[in-house]
Each structure stands twice: as structure tokens, then as C-alpha cells.
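Structure, as C-alpha cells:
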Amino acid sequence: MRAVRITRHGGPEVLEVTDVPVPVPGDGEALVRVAAVALNNTDLWTREGAYGRPGDPEARSGWRGPVAFPRVQGADVAGRVEAVGPGGDAGLVGRRVVVDPALYDGDGPDAHPVGCLMGSERDGGYAEFVVAPLERLHDVTGSPLTDDQLACLPTAYGTALGMIERGRMREGETVLVTGASGGVGLAAVQIARARGARVVAVSSGPKTDAVREAGAHAVVDRAGDVVAGIRAAAPEGVDVALDVVAGELVSDGVPLLREGGRWVIAGALGGYEVTLDVRRLYLHNAQVIGSAMHTPAHFGLLMDLARRAAVAPVVAATYPLGRAASAQEELARREHVGKIVLHPGAPAAR
């Protein structure tokens, strides 16, 4: 089969299109024919080795440690079950599925993700076929969403829903979403709006209309005075912040929280070093919460939304597998709104 893999950390040039054997599913596994695989920032950062390590933040590393090369990237897979391993349910063959890409620290519904199973700790979906644990397959055969839209869900929407759940967002609350035109941000806008929140989003000016169309009640241009814009849009304060930017915005934004407010962080596009006046936390019973991906329970809720098409992921662009490097370059430019998707079955443009 054709696959795209990395053999070292580096720029887009380290992505190589190659022929590799079709993987064979073992006990408790299935072989999935990949219909669509969405890109994430984790693809860029894993390729670059940008995650650092405890005690050495500048070390080249994958999300949870060194990457075992060569590695096929791609965490977000939608496709159909091609085969099951020994003893598996043959009735799954032909079913349309979305794969939960997370590796968990336990078996319960609230287990923590301790690694991005596909594309980091294990080969992922930048390929015509991928092997996945049966317990991580979610049957979405009846969903009206397209394969491209389904592939947009696992990491971005899973991360957004994890933030919302960990932030204990309630109907009627005011929710701030940063980086709102990106994959996670746009997902957070859609899900928060669907759950009855009043959504204030931060995005760049040219993307304002798209973010508002996704469900934001107000959009603050990040090129201006962001704090002043948030104060104007939410004069009574923010109940929950869903933040993928971090950096200076955390320092400036935490004082905007209402009593008992929650600032949930799932990314650091604006920088990972933060200076915080902790008095704004303990004097107002506020919380800063870290949120990595989702739990099994969160992902189950997400798949319920997918089956009902209660969210409609925005697909910004599609590429054939052979142009994965170009797709990652477009992702890195951050000029798009929504998600970028690869089609492993499509031929590369000449």
C-alpha cells in the first residue's frame, strides 16, 4: 500500500511517500481502509519534534517522548472495516467507522489519554490502510456526515469536547474561545453554541464571518486590543475560556473570569511560558485547567453528535495522499478556516 511517513524530525521535506506492506490485524484489532484522514497541529509538532521533554523544553520529542522512526503520521481516520483479527466479529467488515486515536492510562470511561496512539506512538492514517484496536472503533454507518467531515472529528472535536466537559460548561454561560478559526477553536464554537452557551470568539479579521457562521455570537479581532474587545463583548465577565493560544492571553485574560470561572488550556500557539497573578485565582475561586484530548466517555458523546449530525465540521481543503507535504504547509500557514483532509485513495497531481 502507499503511505506517507517520517524517518526523522524536520520540515515538510522529511515526509516521504513510499510503498509499505499492508498491516495485518492481530487479536483485538481491525484493518480499516482509510477513506479520509484529517490533519492536525500535532502532525506538524510531531514531525518537528516540538513537544520538548520534562526538564528540557527545547529537546526534540514527540508528544509523550521520543518518536520511533519510521512513523506513518495521521491521527484522524474515517473509513470502513476491511478485516478483523483472529476471533474478531466478522460482522464489522464493511461497517463505516471513526477511530478514536487516543492511548489511555486505563480501561474506564474517564481514563486519561497518555498518547496519540495513531501517528505518534503507533502508525496512523497517512496510508491506504491502518490497524486499530476494535475497542476504539465507533460505528457511524448511518451518519449523514461525509467521510471528510467524519475525519475532522477525532482530535479537534474530541479536544474541544474534552475542554468543554472538563470546564464544566453549562447552558446559558458565557464562553470565550481563542484561536476560533482553527480546527479545535471552530469545533469549540460549534459545540458550545449547540449546548446553549453564549460564545465570544477571538479570531483574525478576515475569518470573522466564517467564525460567526459557525455559531459565535461575537467575534473579537485578535489584531486589535483583545482584552478590551472581550470586555466589550462580555461586560459581565466570562464563565469558561476554551484556550488553545495561551501565552500572554492567559495573564491578561484570567482577570476577565467571573466568580468561579474556569480557564481551560489545550494548546500554546501563543507561547508556553505564562506569568500569572495567582491572586486572581484564589480571591475569585477561579481555576486554570489543563486539558489534553478527550476521555473514552467524551469520545462516545462526540460520536453520538456525529451520528445525529449535530455538528457540521468545515472542510477547508482536500489533498491526495501524495501531496501530504503541501497539505501540511497549508496547515502551517494558518490562512484557512476549518480542517484540511487527505484522501489516501486519490492519485497525486502531476
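Summary of computed values
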{"read-out": "Residue tally, condition part of a loop (DSSP other than H, G, I, E, B), at pLDDT 90 or above and within 21 Å of residue 150 (Cβ to Cβ), over the stretch 101-118", "value": "1"}
{"read-out": "Residues of the stretch 118-133 satisfying the condition of being of a type in the set (Phe, Trp, Tyr) and either without any contact (Cβ under 8 Å) to a residue 60 or more places away in the chain or open to solvent by 20 Å² or more (accessible area, probe 1.4 Å) (or both)", "value": "129"}
{"read-out": "Residue pairs meeting the criteria (Cβ under 8 Å; at least 6 apart or on separate chains; first free of Cβ contacts under 8 Å to residues at least 12 places away in the same chain, in the stretch 78-103; second assigned to a strand (DSSP E or B) and surrounded by fewer than 24 Cβ atoms within 10 Å (Cβ to Cβ))", "value": "90/84"}
{"read-out": "Qualifying positions in the stretch 100-116 - open to solvent by 20 Å² or more (accessible area, probe 1.4 Å) and among the charged types (D, E, K, R)", "value": "105, 107, 110"}
{"read-out": "Hits in the stretch 10-36 (condition: part of a loop (DSSP other than H, G, I, E, B) and open to solvent by 30 Å² or more (accessible area, probe 1.4 Å))", "value": "21, 22, 23, 24, 27, 28"}
{"read-out": "Residues being open to solvent by less than 20 Å² (accessible area, probe 1.4 Å) and modelled with pLDDT under 95 - total across the stretch 90-99", "value": "0"}
{"read-out": "Residue that is surrounded by the fewest Cβ atoms within 10 Å (Cβ to Cβ) [pool: residues in the stretch 134-158 that are more than 23 Å from residue 63 (Cα to Cα) and among the polar types (S, T, N, Q)]", "value": "141"}
{"read-out": "All positions within the stretch 37-89 that are farther than 23 Å from residue 293 by Cβ, open to solvent by less than 40 Å² (accessible area, probe 1.4 Å) and not in a loop (DSSP other than H, G, I, E, B)", "value": "81, 83, 84"}
{"read-out": "Output for the stretch 46-78, where each listed residue is on the phi > 0 side of the Ramachandran plot and either in contact with a Gly (Cβ under 8 Å, 6 or more places away or on another chain) or of a type in the set (Val, Ile, Thr) (or both)", "value": "49, 74"}
{"read-out": "Filtered residues of the stretch 32-72 (kept if free of Cβ contacts under 8 Å to residues at least 40 places away in the same chain and within 18 Å of the chain's Cα centre (by Cα))", "value": "45, 48, 50, 51"}
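The values are calculated or read from the model by the stated rules, or taken from the named source; none is laboratory data. Predicted, not measured: the structure shown is a model, and the values here were computed from it. In this analysis, Cβ positions are derived from the backbone assuming ideal geometry, glycine residues included, and neighbour counts consider all displayed protein chains. Surface accessibility is based on the protein's heavy atoms, side chains included, excluding ligands, DNA and RNA. Shrake-Rupley method; radii C 1.70, N 1.55, O 1.52, S 1.80 Å.
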